[in-house]
Amino acid sequence: MVPPISFTPVVGPAGAPLLVLGPSLGTSTILWEAAIPALAEGFRVVAWDLPGHGRSAPAREPFTVADLADAVAAAVDAPRFFYAGVSLGGATGLELLLRHPDRIDAAAIIASGALLGDPAAWHERAAQVRAQSTSSLIAASAGRWFAEGSVARHPELSGRLLHALQDADDESYARCCEALAAYDVRDGLSGISVPALAVWGEHDRVAPAAKAAEIAEGVEQGSAAMIPDAAHLPPAEQPDVLAETLLTFFHGKGSA
């Protein structure tokens, strides 16, 4: 199964290395809007949407996180690229490192892990969304996504992200939950030799510091970084700090 994904237009200087940005579940490419201007000073930047999110067509068949990685690799029109993804987008990044290491110069795995959550809980959420729509998740998601003060700092963007959740296709969101229920690459970390940075938000309860440490310590060339005053969506909560963290990491890691 090749899941439907879509990409924003590329921005940034011609001839610069390509940086591909991945989303978290329930958001869209707007997650990265505030960070892209700084990233685009040294990279050609493109972001992608999950099936049924943002600009992407809905998914009506099951898919895995590995399938998402294959879809990204097939759609990117560059022999090599840098990658940064959040949550499910970060899990996709780990699958890219496992399945397409020859395509990736370096990857940042943000607010994510080699295993995310409990499979039973993901299946429960999928069932909830099919029965009650993604609107039923808004209050709980706001509590998970944003650290105290984040909404006040970026009220317009925070509101748009919650609207993106409400607008996401219910069946596609449920399929993403089921993909996460089946996702577990812990045993594969030791086989990853591409440089990888595991990033976590200081107040993230979904993917806390231990998840980042597992990645950083498990891969061959791993490191970790904490984003202060952020929870599960650092690109929206602390875009400038995250962009600086990514640029520092990617500098000197190769060229796309």
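Test of understanding: express the Cα radius of gyration of the stretch 94-238 as a ratio to 2.2 N^0.38 Å, with N the residue count.
It is 1.09.
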Projected area averaged over all directions for the convex hull of the alpha carbon atoms of the stretch 75-116, nm², comes out at 2.8
If we sort 76-85, 131-140 on the protection proxy, mean other Cβ atoms within 10 Å, highest first, what's the order?
76-85, 131-140
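Need one number: the % of Cα-Cα pairs in the chain sitting beyond the 23 Å mark.
Value for the chain: 44 percent of Cα pairs lie more than 23 Å apart.
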Looking at the chain, send over the antiparallel percent of its DSSP beta bridges, to the nearest 5.
10
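Of all the accessible heavy-atom surface of the stretch 85-154, with the other protein chains kept in place and a 1.4 Å probe, what percent is carbon and sulfur?
Details: 1390 of 2570 Å².
Solvent-exposed carbon and sulfur of the stretch 85-154 make up 54 percent of the total.
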Solvent-accessible heavy-atom area per residue, rounded to whole Å², over the stretch 149-256 at 1.4 Å
43
Please compute the Kirkwood hydrodynamic radius of the stretch 99-178 from all pairs of different C-alpha atoms, in Å with one decimal.
14.7
Output needed for the stretch 203-256: three equivalent-ellipsoid semi-axes, defined as square roots of 5 times the C-alpha gyration tensor eigenvalues, in descending order, whole Å.
20, 17, 7
Debye-sum result for the stretch 82-140 in log10 I(q)/I(0), which assumes one identical scatterer on each alpha carbon, at q = 0.27 Å⁻¹:
-1.01
Taking the radius of gyration and the Kirkwood hydrodynamic radius from Cα positions alone, what is the Rg/Rh ratio for the stretch 20-79, to two decimal places?
0.99
Accessible area expressed per residue, the stretch 58-110, with surrounding protein chains retained (probe 1.4 Å, Å²):
30
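Which shape class, rounded, prolate or oblate, goes with the stretch 1-53 when its Cα gyration tensor gives a ≥ b ≥ c as root eigenvalues, a/c under 1.5 marks rounded, and past that a/b bigger than b/c marks prolate?
Verdict is oblate for the stretch 1-53.
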Compactness ratio of the stretch 51-169: Cα Rg over 2.2 N^0.38 Å, N = residue count?
1.17
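The values are calculated or read from the model by the stated rules, or taken from the named source; none is laboratory data. Keep in mind it's a predicted model, so treat the numbers as computed, not measured. Ideal geometry is used to build each Cβ from the backbone, glycine not excepted, and the neighbour counts take in all protein chains shown. Please note that ligands, DNA and RNA were not included when accessible areas were found on the heavy atoms of the full protein model with its side chains. Shrake-Rupley method; radii C 1.70, N 1.55, O 1.52, S 1.80 Å.
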